[in-house]
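Following: one structure in structure tokens, then a few remarks.
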Ligand SMILES: Nc1ncnc2c1ncn2[C@@H]1O[C@H](COP(=O)(O)OP(=O)(O)O)[C@@H](O)[C@H]1O
Ligand SMILES: [Mg+2]
């Protein structure tokens, strides 16, 4: 299937000369959830804004469902919903009117039944007659999602949807995103919460300094870059490494109370190596009290790549 969004050699230099995007290539498949992960200033909002036709690219090409976002702006904009990073809503309008108005802006025929459904899906139905200024920050963010969905887009961009939102609401939002995907909506979200990418994305793109460093299936990414540690807590501390255990990649930790073995779970033959390692440890008369493994998280991988904690 042709990608729903196709980005080719995309560059952006702002008028002050700042190069915010340095040649991004990315295909987004229909129905997937893609998380764009990157620190502040990476270029996430710039990239999204170009796809949504709000910012002009300096070079390259972006197509949505085969239409060029600059030349065929009206067609592409119609297919896209955007939940912006900044909360911008008319404080004195009701939830219902805000969403209905937004649908009209996109030139769609009124459809109260559809609006009712999205408000219910977003748990906003009870608040439909409330003015926006009466809502909490989290509820306002839901209204932004409802607005972005008001014209039944096929691609939804969420720019840092859960920034500054408490943990409970964040989990609620993830459920909302999951439900949208079940309805066939393609979702691209930017985040600097690694946990968020880890939890809900099918694919993860890492962007930093205007470059897309990688984009990979989440599971593959974790496997490819993921290191594992086998940790053996010893019944008695070892003052030094026994000679028979040297040269096997083992190290002593915690004042000799622990043996640690670093390995890459994706490497072939690693299981056999571990089996022989355990046999050698038993043969050396080293008694193991407890055994555990640790897998590096997406966060560790991200720090390796970007050299910065998000
Ligand atoms: N209108 C603008 N003029 C000049 N520089 C900008 C403008 N908008 C964004 N930038 C710069 O471009 C870089 C990328 O910004 P942005 O796309 O907002 O990153 P992110 O969303 O990943 O935090 C930042 O260094 C930012 O300061
Ligand atoms: Mg941003």
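The table below lists the values:
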{"quantity": "Within the range 166-210: backbone nitrogen closer than 11 Å to the residue 19 label point (7 Å, Cα to C-beta)", "calculated": "210"}
{"quantity": "Area projected by the alpha carbon convex hull of the range 1-149, averaged over all directions, nm²", "calculated": "10.2"}
{"quantity": "Expected 222 nm ellipticity per residue - DSSP helices of 4 or more, -39500 (n - 2.57), all of the chain, to 500", "calculated": "-10000 deg cm²/dmol"}
{"quantity": "Kirkwood Rh and Cα Rg combined as Rg/Rh, the range 227-296", "calculated": "0.94"}
{"quantity": "Linear extension gain, residue 152 paired with residue 9, 0.36 nm per residue minus alpha-carbon span", "calculated": "48.6 nm"}
{"quantity": "Within a Gaussian network of the chain (alpha carbon springs, distance under 10 Å), most fluctuating of 245, 180, 87", "calculated": "245"}
{"quantity": "Rg followed by Dmax, in Å, when the range 122-163 is reduced to its Cα trace", "calculated": "10.9, 30"}
{"quantity": "Mean separation of Cα contacts under 8 Å, 6 or more apart, over the residue count of the chain: relative contact order %", "calculated": "20"}
{"quantity": "Theoretical FRET efficiency, 1/(1+(r/R0)^6), r = Cβ-Cβ of residue 109 and residue 88, R0 30 Å, to 0.05", "calculated": "0.75"}
{"quantity": "Over the range 227-296, relative contact order from alpha-carbon pairs under 8 Å, at least 6 apart, %", "calculated": "51"}
{"quantity": "In degrees, nearest ten, helix 112-121 long axis to first principal axis of the chain (Cα)", "calculated": "20"}
{"quantity": "Projected-area average for the chain over all orientations - Cα convex hull basis, square nanometres", "calculated": "20.7"}
{"quantity": "Fully extended contour minus Cα-Cα distance, from residue 116 to residue 268, at 0.36 nm per residue", "calculated": "49.4 nm"}
{"quantity": "GNM result for the chain, Cα springs below 10 Å: residue of 217, 129, 285 fluctuating most strongly", "calculated": "285"}
{"quantity": "Cα-derived Rg to Rh of the range 155-260, Kirkwood definition", "calculated": "1.21"}
{"quantity": "The range 108-206, relative contact order [Cα under 8 Å, separation at least 6], %", "calculated": "26"}
{"quantity": "Candidates 173, 47, 131: whichever shows maximal mean-square fluctuation once the chain is modelled as a Gaussian network with Cα springs under 10 Å", "calculated": "131"}
{"quantity": "Alpha-carbon radius of gyration plus Dmax, which is the widest Cα pair, for the range 146-217 in Å", "calculated": "12.6, 34"}
{"quantity": "Inter-label distance, nm, simple model (7 Å from Cα along the C-beta direction), residue 133/residue 166", "calculated": "2.4"}
{"quantity": "Helix 270-283 vs. the chain, principal-axis angle (Cα, 0 to 90°, nearest 10)", "calculated": "30"}
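Coordinate-derived values only; no laboratory data. Keep in mind it's a predicted model, so treat the numbers as computed, not measured. For neighbour counting, all protein chains shown are included, and Cβ atoms are generated from backbone atoms with ideal geometry for every residue, glycine included.
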